[in-house]
Each structure stands twice: as structure tokens, then as C-alpha cells.
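Encoded as C-alpha cells, the structure appears first; notes follow it.
The values are calculated or read from the model by the stated rules, or taken from the named source; none is laboratory data. Every value quoted in this text rests on a predicted model; they were computed, and no experiment measured them. Here Cβ is always computed from backbone atoms with ideal geometry, including for glycine, and neighbour counts include all displayed protein chains.
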Amino acid sequence: MGFWQRLTKLEDRVDPVRVALIGDDSRERKLLESAYRQNPKTEIVFSGSGEDLPKAHKQGDAELVEIFAPAEKRAELAGQFLEAGFNVSLGMPCSLEAGETDALKSRGELRGKQVRVRNHCLYYQPFQKARGLLDQEKIGYATMLRLVVKRNQAPDKNFDRGKWILENESGYLALAEFFYGPMEKIFVTTGASGDKTVGSFLIGFKFKTPHRMGYLLSDFAPGLQIRTFTEPVFRQVWATGTAGVIMVNRGEGQLWRAPVLWLRAKNYSHTYEDLKDGWEEIYPAMVNDAVGALRENRPLISGLASAQRGIRIAGAAKKAMELGQEIVI
């Protein structure tokens, strides 16, 4: 290799994104840490528990802090690291209060730092491909959106429906707007099991775009057999339009053998089996997102704005359940 070629290679070399991981020892953390270690464009400079928080603050080499903590503590920790001059990444929901997300936004803008919220759904390749097909109007004018989630665990006796939706489905609700745009109204219906715990509930919504409606149906089915390497959760998305339907038949787990993404139109049908459909593939995608934002000036796939909308929708669903009426978002 000649001198100028070697010099060009040196000039084109990009410093790795320096990452610190802080917080609980969750499965999500282990998978994301593994993805960071396998990516040549990133370097982990610190990894510790919540007790190591002071050490993490002093870790000046880090430029991005990945936070793993209970939902009620995430915004507070993220605010501390933003004030200390770090970019931050935290779980979805990033807060249990909409006002805390506004504070995070202000702090990030003031410090000129990125705030990434890890909404798993937005990193799942079949969902991203489905959005592309909607943008291309492969099913004509999109009208109805059906989101289904089934879990093989039953809620406990102290089940708080509103808090549960916020902590577990705010990301899925944000995905609805990712597909169909902003929501306008929301209502909720619930069903109770014999011991008065909720067996299922339906969150219905109307979008601001004319003639677009949809719902999220959540089922608790303890006896359901869900094939999975991650969590016993099955998700399905059906987007119906004037000229066809798009179906995503997998998420964290698989319920039956069907194409992961299926496009059906009047005289046309196509399956997309070459997609990365394993739920664990979202973690390398998150790492690439961080690199793109901090080294290539690309917008975040899952930023604070989308997270704020998901939290507000979940909050509106909670209010709709409490009042038993439709709520304007």
C-alpha cells in the first residue's frame, strides 16, 4: 500500500464511540453490552452497578451513558448525566411522568447532548420494513391498524392497569404513531377474570389523518405456548388499506408458523423471510443507531419525541379507564 493510501486510511479512521453502562443486571443490559463489545466502532470504557454511580460520573472518557434502572428512576439518573456532560440512553418508558421528559429535553438541548430512549419496537427490522411498505402505499390508503400482544403470564392481585400499560406498552403505542401518524382520541375497554384481575383489555384510537382508526388488544393467557429465546410475548401487527393488508406475525416470540412479514394485495402476495426477525437482533441495531447519531450525524431512530408521545398516549389510556370515557390526546 502506497503512502497516500495509508494516509487516507488513517484520515478516514473514526474513533470508536466510548460507552459507559450503569445500573441493574438485567437481561436487556447483558444483551446490549454484548452487542457493544462485538461492534468495532464502539468501546466500553466503564461498566458498573448503581452503587458505582460516582465512579461513572468521574469516567471522563465516556461520551454515551447507557442507563438501566426502574422506570421511576430513569429520568433522574439521565438528568444527572446530562448535567455532567454525557449523552444518555435509557429504557422505555424513560419516565412515569410526562413533565420529566420535558425536563430531559430541555437539559439535553441546553447541554447540546443526545437523549436516546430504547423503544425496542422501533429497532425491530420487520416493523421498520412494514413502515417502508406503508410509505410506498403498497396497500393503498391505510385505514385500520390492529396491534395484538399476548403474554403467557397472569397479572398479580395488585395489578395496576394504568401503570402496567405505561411501563409495558407505551413503546408499542408509540409504534402505532410510527405507522399511522399522530393520534387524536383514545378509549379503553377491559375484561376481568373471576378473581377480578384483568384478563385482557382493548385500547382503541382514532388518528388525526382522516379515516384512520385502530386498536391495541392485550391478552393475558397463562397457558399459551409461545416459542421464544427472549421473553414469552407474542406481537402481531395488521395494517389494512384500500388495496391490501400488511401483517407482521412475530415479536419477542412466535405463536404459530407464519411469514414474519406478509404483504397481500388484490392480485399480489409477497413474504419477506430474509429479514432479521429474531428479537435479539434489536440490540446490534441499537448500537448502530448510537454510532450513527454520534459519528455520522444521523437522527436517532428512537429519540425523546417519540417516547414522549408513547408516554402521553399511555397516560391518556389510564385516564380513559378511570373515567370510562373517550379522551382527547
**Request:** For segment 278-305, enumerate the residues that are in contact with a strand residue (DSSP E or B) (Cβ under 7 Å, 6 or more places away or on another chain) and among the polar types (S, T, N, Q).
**Result:** SER302
**Message:** Can you list residue pairs whose Cβ atoms sit under 6 Å apart, with the first residue in segment 227-246 being among the charged types (D, E, K, R) and the second being modelled with pLDDT of 90 or more and part of a strand (DSSP E or B)? Count only pairs 6 or more apart in sequence or on different chains.
**Reply:** ARG235/VAL149
**Asked** Taking segment 238-270 as the region of interest, how many residues are at pLDDT below 90, among the basic types (Lys, Arg) and in contact with a strand residue (DSSP E or B) (Cβ under 8 Å, 6 or more places away or on another chain)?
**Response** 2
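Here's the yes/no breakdown for (1) hydroxyl-bearing (Ser, Thr, Tyr); (2) in a strand (DSSP E or B); (3) closer than 17 Å to GLN128 by Cβ; (4) free of Cβ contacts under 8 Å to residues at least 24 places away in the same chain:
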| residue | (1), (2), (3), (4) |
| --- | --- |
| ARG264 | no, yes, no, yes |
| ASP277 | no, no, yes, no |
| GLU280 | no, no, yes, no |
| ALA285 | no, no, yes, no |
| ALA316 | no, no, no, no |
**Fill in**
Taking segment 104-139 and keeping only residues that are charged (D, E, K, R) and either outside any loop (DSSP other than H, G, I, E, B) or free of Cβ contacts under 8 Å to residues at least 12 places away in the same chain (or both), one is left with LYS105, ARG107, GLU109, ARG111, ARG116, ARG118, LYS129, ARG131, ASP135
**Request:** Taking ALA174 as meeting all but one of (1) closer than 22 Å to TYR215 by Cβ; (2) without any contact (Cβ under 8 Å) to a residue 60 or more places away in the chain; (3) of a type in the set (Gly, Ala, Ser), write down the number of the exception.
**Result:** (2)
**Fill in**
If you go through TYR268, TYR283, the only one that is within 14 Å of the chain's Cα centre (by Cα) and not basic (Lys, Arg) is TYR283
**Request:** Scan segment 100-128 for residues that are surrounded by fewer than 18 Cβ atoms within 10 Å (Cβ to Cβ) and basic (Lys, Arg) and jot them down.
**Result:** LYS105, ARG111
**Request:** Working only within segment 247-262, note down all residues that are free of Cβ contacts under 8 Å to residues at least 40 places away in the same chain and either more than 25 Å from ALA176 (Cβ to Cβ) or not in a loop (DSSP other than H, G, I, E, B) (or both).
**Result:** MET247, GLY253, GLN254, ARG257, TRP262
**Prompt:** With respect to the numbered conditions (1) among the charged types (D, E, K, R); (2) surrounded by fewer than 20 Cβ atoms within 10 Å (Cβ to Cβ); (3) in contact with a strand residue (DSSP E or B) (Cβ under 9 Å, 6 or more places away or on another chain); (4) more than 26 Å from ALA103 (Cβ to Cβ), which one is the sole condition not fulfilled by LYS319?
**Reply:** (4)
**Asked** So, of the residues in segment 87-103 that are modelled with pLDDT of 95 or more and more than 14 Å from the chain's Cα centre (by Cα), which turns out to be nearest to GLU167 (Cα to Cα)?
**Response** VAL88
